[in-house]
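Read the structure below first, then the notes.
The values are calculated or read from the model by the stated rules, or taken from the named source; none is laboratory data. Computed from a prediction, not measured in an experiment: that's the story for all the values here. Cβ placement follows ideal geometry from the backbone for every residue including glycine, while neighbour counts extend to all protein chains displayed.
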Amino acid sequence: MSRKFLLAAGQMGPIAKDETKASVVKRLIELMREAHSLGCRLIVFPELTLTTFFPRWYIEDESELDQWFETSMPNKETQPLFDEAKKLGIGFYLGYAELVIENGKKRRFNTSILVGSSGEIIGKYRKIHLPGYDHVRPWRELQYVEKMYFECGNYGFPVWEAFGSTVGMCLCNDRRWAEVYRVMALQGAEMILLGYNTHTDPGEDENINGLTEFHNHLSMQAGAYQNSVWVVGTARSGQEEGSDFIGQSAIIAPSGQIVAQAMTREDELVIAPCDLNMVEQYRRTFFDFDRHREPQYYKLIAERKGFGPAMPKEYFQSD
């Protein structure tokens, strides 16, 4: 039985600090309409899609910081995006900064949601692997202090049945960690959707910085191949408020091959036909987890190293 459909990555160009969320939503709707006109069923937008990448700055005033966060979703500014999705019958993934009150405490997360073709929220994910620093480095003009502004996500890595598939989500730095893909693949994920904001600004080690673009695709291609999943990685791109974001949005097959990639560092739609049966082909051969994977080996390593509780519980499961 055919399980083919068109996937889209909705790459975003720079978002200025003074650009309104209404303006950003209008840009997203334009990409969504283009995707729909070409027959796509799902479009994936970047991390922190609705604003400039504010974690590059140290913001002391809490009320100023709060303005970059969403306290509900959808809300007045984002409702048009949900309405358009319902009108067109297309689903989407959206990354944003989330502010919630839980148990009487203000909490901030780097969040993504999966929205169905009828405009309803199917699932929510909160970023776990936060990069950057939890303190200010005075000698740097650009700070990158995600660890100051966000808590580590508390939802784990769930998957959802949607779009005739099993879908997982992650965000940006999550893509560099092998266990992220594996935990979702062990739950049957066939597609992993991720938005990211990756810059090339000077850091501590220029030898590593020079490989930023290579490492970006390497991590997603390895995750796709080693877990037999489709990966849709969608980026912020271009020169934005003093930072240079790489773009390189890509749709990657379970073979690890990039089947479509952004050609610009602006707002751009990237589309590719997705055959979900390809997942089964690779899981029947190279990556048949039941036949070839040895969970007891990982358990032994954990016991010897003394870090068993920190490893995903899926590593400990045996047939």
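Restrict the check to region 270-282 and report whether at least one residue is under 20 Å from residue 47 (Cα atoms) and at pLDDT 95 or above. So far as region 270-282 goes, yes, one or more of its residues are under 20 Å from residue 47 (Cα atoms) and at pLDDT 95 or above.
Taken together, 134, 66 contain a single residue that is modelled with pLDDT under 95 and not hydroxyl-bearing (Ser, Thr, Tyr), which is 134. Here residue 100 meets the list (1) within 15 Å of residue 121 (Cα to Cα); (2) within 22 Å of the chain's Cα centre (by Cα) almost entirely, failing just condition (1).
Need at least 2 residues that are hydrophobic (A, V, I, L, M, F, W, C), touching a Ser or Thr at 6+ places or on another chain (Cβ under 8 Å) and farther than 17 Å from residue 7 by Cβ per element, so show me which strands (runs of 3 or more DSSP E) inside region 200-267 make the cut, counting only ones lying wholly within it. Result: 243-246. Just one of the listed residues (196, 225, 181) is in the same structural domain as residue 24 (by TED's automatic domain parsing), over 29 Å from residue 51 (Cβ atoms) and hydroxyl-bearing (Ser, Thr, Tyr), namely 225. Residues being under 30 Å from residue 140 (Cα atoms) and of a type in the set (D, E, K, R) are represented in region 69-80 by at least one member.
Per-residue answers, yes or no, for (1) in contact (Cβ under 8 Å) with a residue 60 or more places away in the chain; (2) crowded, with 18+ Cβ neighbours inside 10 Å:
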residue	(1), (2)
239	yes, no
245	yes, yes
253	no, yes
257	no, no
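Give the number of residues within region 161-182 that are assigned to a helix (DSSP H, G or I), in contact with a Gly (Cβ under 8 Å, 6 or more places away or on another chain) and either at pLDDT below 95 or surrounded by 15 or more Cβ atoms within 10 Å (Cβ to Cβ) (or both). Residues in region 161-182 being assigned to a helix (DSSP H, G or I), in contact with a Gly (Cβ under 8 Å, 6 or more places away or on another chain) and either at pLDDT below 95 or surrounded by 15 or more Cβ atoms within 10 Å (Cβ to Cβ) (or both): 4 in total.
Residues being among the β-branched types (Val, Ile, Thr) and more than 26 Å from residue 271 (Cα to Cα) are represented in region 134-156 by at least one member.
Among the residues of region 85-97, is any within 20 Å of the chain's Cα centre (by Cα), in the same structural domain as residue 174 (by TED's automatic domain parsing) and assigned to a helix (DSSP H, G or I)? There is at least one residue in region 85-97 that is within 20 Å of the chain's Cα centre (by Cα), in the same structural domain as residue 174 (by TED's automatic domain parsing) and assigned to a helix (DSSP H, G or I). Scanning region 21-58 for residues that are without any contact (Cβ under 8 Å) to a residue 40 or more places away in the chain and not in a helix (DSSP H, G or I) yields one hit, 39.
Of the residues making up region 233-257, those that are aliphatic (A, V, I, L, M) and over 14 Å from residue 278 (Cβ atoms) are 235, 246, 250. Tell me whether region 150-166 contains one or more residues that are under 30 Å from residue 39 (Cα atoms) and in contact with a helix residue (DSSP H, G or I) (Cβ under 6 Å, 6 or more places away or on another chain). Within region 150-166, one or more residues are under 30 Å from residue 39 (Cα atoms) and in contact with a helix residue (DSSP H, G or I) (Cβ under 6 Å, 6 or more places away or on another chain). Restricting attention to region 168-209, the residues that are more than 18 Å from residue 250 (Cβ to Cβ) and among the polar types (S, T, N, Q) total 3.
Restricting attention to region 184-199, the residues being over 21 Å from residue 123 (Cα atoms) and assigned to a loop (DSSP other than H, G, I, E, B) number 2. Of the residues making up region 238-288, those that are among the β-branched types (Val, Ile, Thr) and under 26 Å from residue 34 (Cα atoms) are 246, 251, 252, 258, 259, 264, 270, 271.
For first residues located in region 158-169 and among the small types (Gly, Ala, Ser), partners that are in a strand (DSSP E or B) and lie 6+ apart or on another chain with Cβ distances below 6 Å form the pairs 162/122; 165/191; 168/159; 168/192.
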